[in-house]
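S.K.: Before I ask anything, here is the structure I am working with.
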Amino acid sequence: MNESNNKTHLNFIEEIIEEDIRSNKHGGRIHTRFPPEPNGYLHIGHAKSICLNFGLAEKYNGKANLRFDDTNPVTEEVEYIESIKEDIRWLGFDWEDREFFASDYFPQFYQFAIQLIKAGKAFVDHSTQEEISKMRGIPTAPGTESPFRNRSISENLALFEEMKNGKLKEGECVLRAKINMSSPNMHLRDPIIYRILFTPHHRTGTEWCIYPMYDFAHGQSDSIEGITHSVCTLEFENHRPLYEWFIQELEIFPSRQIEFARLNVEYMMMSKRKLLLLVNEKIVSGWDDPRMPTISGMRRRGYPPEALRKFATEVGVAKRENLIEYVRLENAVREQLNNVAIRAMAVLRPLKVIISNYPEGVEWLPVENNPEDPNAGIREIPFGKEIYIEQEDFMEIPPPKYFRLSPGGMARLKAAYIIRCDEVVKNEDGSILHLLCSYFPESKSGSDKSGLKVKTTIHWIECQHALKAEIRLYEKLFEVKEPAGSDEDFRTLLHPNSLEVIEGAWIEPSLANAEIHQSYQFMRTGYFCLDKDSTKDHLIFNRTATLKETWLKT
RNA sequence: UGACCCAUGGUGUAACGGUAGCACUACAGAUUUUGGUUCUGUUUGUUAAGGUUCGAAUCCUUAUGGGUCAACCA
């Protein structure tokens, strides 16, 4: 009816952009950027930012740059640059030839600094770090001006050059913008814009020993690249006046900074610093551990990029603090995987079933690869006298509403026959050795003439052709909904069983040809993908997500 | 005892002074050779108090609650 109306739901950033296009600001040109610091791996929060920035460019026929914000050589590494690029590409975005580095602009930043000094808007401060901190004051009371604040322009110029030439020691002095020490905005109280650092830079080596601070690099990079809309997270809101002050004083291209609320997801910790700790302390196997909220972790876990993109757009963009329900991420994953994942059978915790009245030998039965997608075709799976079923698909004393197998009860074996449990054979200790069942030849799948009615269909694996596999079951890494908001040491918030390894699972023979990262739905148990630790002789599958288990909930 | 920002069902997000809608969740039912999928239905909301207005989620004021800021990090 009015589908055109539904289309017009814009988020506040899109509204700003459309207004700018209407007023022909920058000639209607739209240019965004994704500006990671290469000091860690990207996580789901970055994925949202990537989708936002590249998505905006796509939607408004603009461009999006990839720019590494590499102005702090002590924390940044090349390894991170490579992982970041891989993750963005995997997510499905392309920065074409627009791969930039803030470090490429160091000469320009240096000139900007000189320009500021010449305008009497910056000075070299020899105060110690402590003194500067003390003089900055507190948010509720003004700071005091540095005794070095009124050095002459020529002295500042000479000093800054000495800084640059390595004549001064690390920490001996800094370059500060001269703004207002009694501003209620702390960022305007003569912010430091350059410091001395003798750490070699991963790209510029030892060429520079002075490095610009974030506020004197980020906005300037935006200007240099002609970024029209510089989208960042809320914690930079208080930086905006400084961002604009530099644009005005330097008389450079006026990029506009727009802040949105960062993504928070239940049970996830997004702090790069803490994620690094998890890696360094070997609490997880690495940045790409499938329990990590990193893009690489999710990739290894089996989350498809389509799902991450869908999730990122579905959660929306606003300025309000948010905590997204974990199930929304899982659902986006399930929704995508349901469409594309090939179905297969796997028995995680086996219980042997002997079909007494079935002859020796094996029969190959056709089964559809994906009931959601007829084009996925069919395959044949072996069926025989001895099979494994899931332990939880049999109960000696079934509770009410239990649909599966129980003594004297019947169930259908997927794509095969209906069986009835005739006898429970036990070990001396009372545990179950195996089940003796009988099958109904008339009930063969696809040509059932038995007239029998069963309440459910279970999965199974024929013993002789079964392949052994290791299955890794993942749970949430953290037990609490808001690990980041807790005062406790985050190590105490970890889920004790976030990884359960099942060594003795049986899987159907077709899975021998699985490829790394390829997703399957193990029928009735969940979505899985082959892990990179896998070998031909030792197959390892990661559980991406369970199926929805509405029955289990009570 | 400062500045800036935010406040709509359980969660997230729309409504731009004129019928509070959508998605997810939850619950109920139907279908189903996956207790999956799919389909149908139901419950639940404008932080508070004033003001402006014929009319306020929307504009104004105040309060309350939450977030950010005192790195030579980004």
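S.K.: Considering region A:70-93 alone, what residues qualify as being under 20 Å from A:Glu58 (Cβ atoms) and in contact (Cβ under 8 Å) with a residue 40 or more places away in the chain?
M.R.: A:Ile84, A:Asp87, A:Ile88, A:Trp90, A:Leu91, A:Gly92, A:Phe93
S.K.: So which of A:Asp487, A:Asp533 ends up being acidic (Asp, Glu), part of a loop (DSSP other than H, G, I, E, B), out of contact with any Cys (no Cβ under 6 Å at 6 or more places or on another chain) and away from RNA strand B (no atom under 16 Å from the Cβ)?
M.R.: A:Asp533
S.K.: Something else now. Need pairs with beta-carbon distance below 6 Å; first residue part of a loop (DSSP other than H, G, I, E, B) and within region A:438-455, second of a type in the set (Lys, Arg); sequence gap 6+ or separate chains.
M.R.: Pairs that qualify, where the first residue is part of a loop (DSSP other than H, G, I, E, B) and the partner is of a type in the set (Lys, Arg), are A:Val454/A:Arg412.
S.K.: When region A:172-203 is examined, which residues are found to be farther than 25 Å from A:Tyr243 by Cα and either of a type in the set (Ser, Thr, Tyr) or near RNA strand B (Cβ under 9 Å from one of its atoms) (or both)?
M.R.: A:Glu172, A:Thr199
S.K.: Only one of A:Glu462, A:Glu488, A:Glu475 is assigned by TED's automatic domain parsing to the domain that holds A:Thr546 and over 31 Å from the mean Cα position of the chain (by Cα); which?
M.R.: Sole residue among the options that is assigned by TED's automatic domain parsing to the domain that holds A:Thr546 and over 31 Å from the mean Cα position of the chain (by Cα): A:Glu462.
S.K.: Return the pairs, sorted by first residue and then second, in which the second residue is open to solvent by 30 Å² or more (accessible area, probe 1.4 Å), the first residue lies in region A:97-113 and is assigned to a strand (DSSP E or B), the beta carbons are less than 7 Å apart, and the residues are 6+ apart or on different chains.
M.R.: What qualifies is A:Phe101/A:Arg203.
Okay, residues lined up against (1) in contact with a Gly (Cβ under 7 Å, 6 or more places away or on another chain); (2) open to solvent by less than 20 Å² (accessible area, probe 1.4 Å); (3) in the same structural domain as A:Asp215 (by TED's automatic domain parsing); (4) more than 30 Å from A:Arg195 (Cβ to Cβ):
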position: A:Phe12; (1), (2), (3), (4): no, no, yes, yes
position: A:Arg33; (1), (2), (3), (4): no, yes, yes, no
position: A:Leu42; (1), (2), (3), (4): no, yes, yes, no
position: A:Cys51; (1), (2), (3), (4): no, yes, yes, yes
position: A:Ala57; (1), (2), (3), (4): no, yes, yes, yes
position: A:Gly62; (1), (2), (3), (4): no, no, yes, yes
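S.K.: For a quick check of your reading: which helices (runs of 4 or more DSSP H) sit entirely within region A:1-94 and have at least 2 residues that are more than 15 Å from RNA strand B (Cβ to nearest atom)?
M.R.: A:44-59, A:78-91
S.K.: For the subset of region A:409-438 comprising residues that are hydroxyl-bearing (Ser, Thr, Tyr) and more than 12 Å from RNA strand B (Cβ to nearest atom), which member is farthest from A:Leu539 (Cα to Cα)?
M.R.: A:Ser438
S.K.: Going residue by residue through region A:204-213, is there one that turns out to be surrounded by fewer than 18 Cβ atoms within 10 Å (Cβ to Cβ), part of a strand (DSSP E or B) and free of Cβ contacts under 8 Å to residues at least 24 places away in the same chain?
M.R.: Checking region A:204-213: at least one residue is surrounded by fewer than 18 Cβ atoms within 10 Å (Cβ to Cβ), part of a strand (DSSP E or B) and free of Cβ contacts under 8 Å to residues at least 24 places away in the same chain.
S.K.: Another question, then. Can you say whether A:Ala376 is surrounded by fewer than 13 Cβ atoms within 10 Å (Cβ to Cβ) and aliphatic (A, V, I, L, M), as far as the supplied structure shows?
M.R.: Values: surrounded by fewer than 13 Cβ atoms within 10 Å (Cβ to Cβ): no; aliphatic (A, V, I, L, M): yes.
Answer is no for this residue.
S.K.: Another question about this same structure. Say we look at region A:496-526 and pick out the residues that are over 26 Å from A:Asn331 (Cβ atoms) and in a helix (DSSP H, G or I); which of these is nearest to RNA strand B (Cβ to nearest atom)?
M.R.: Checking each candidate, the answer is A:Ser510.
S.K.: Moving on. Where residues in region A:335-354 are out of contact with any helix residue (DSSP H, G or I) (no Cβ under 8 Å at 6 or more places or on another chain) and not in a strand (DSSP E or B), which of them is farthest from RNA strand B (Cβ to nearest atom)?
M.R.: A:Leu348
S.K.: Among A:Ser445, A:Ser406, A:Ser450, which is the only one that is within 15 Å of RNA strand B (Cβ to nearest atom), in contact with a Cys (Cβ under 9 Å, 6 or more places away or on another chain) and not aliphatic (A, V, I, L, M)?
M.R.: Sole residue among the options that is within 15 Å of RNA strand B (Cβ to nearest atom), in contact with a Cys (Cβ under 9 Å, 6 or more places away or on another chain) and not aliphatic (A, V, I, L, M): A:Ser406.
S.K.: Would you confirm, using the coordinates I've provided, whether A:Asn322 is at pLDDT 95 or above, crowded, with 16+ Cβ neighbours inside 10 Å and near RNA strand B (Cβ under 10 Å from one of its atoms)?
M.R.: Spelling it out, it is not the case that A:Asn322 is at pLDDT 95 or above, crowded, with 16+ Cβ neighbours inside 10 Å and near RNA strand B (Cβ under 10 Å from one of its atoms).
S.K.: Mind telling me which of the residues A:Ser230, A:Ser221, A:Ser271 ends up being closer than 24 Å to A:Tyr80 by Cα, surrounded by fewer than 20 Cβ atoms within 10 Å (Cβ to Cβ) and either over 19 Å from the mean Cα position of the chain (by Cα) or within 14 Å of RNA strand B (Cβ to nearest atom) (or both)?
M.R.: On the way: A:Ser230 fails: surrounded by fewer than 20 Cβ atoms within 10 Å (Cβ to Cβ); A:Ser221 fails: surrounded by fewer than 20 Cβ atoms within 10 Å (Cβ to Cβ).
Just one listed residue meets the conditions, A:Ser271.
The values are calculated or read from the model by the stated rules, or taken from the named source; none is laboratory data. These numbers come from a predicted model, not from an experiment. Quick reminder, even Gly has a Cβ in these numbers, built from the backbone with ideal geometry, and neighbours come from all protein chains shown. Calculation scope for accessible area: heavy atoms of the full protein, side chains included, ligands and nucleic acids excluded. Shrake-Rupley method; radii C 1.70, N 1.55, O 1.52, S 1.80 Å.
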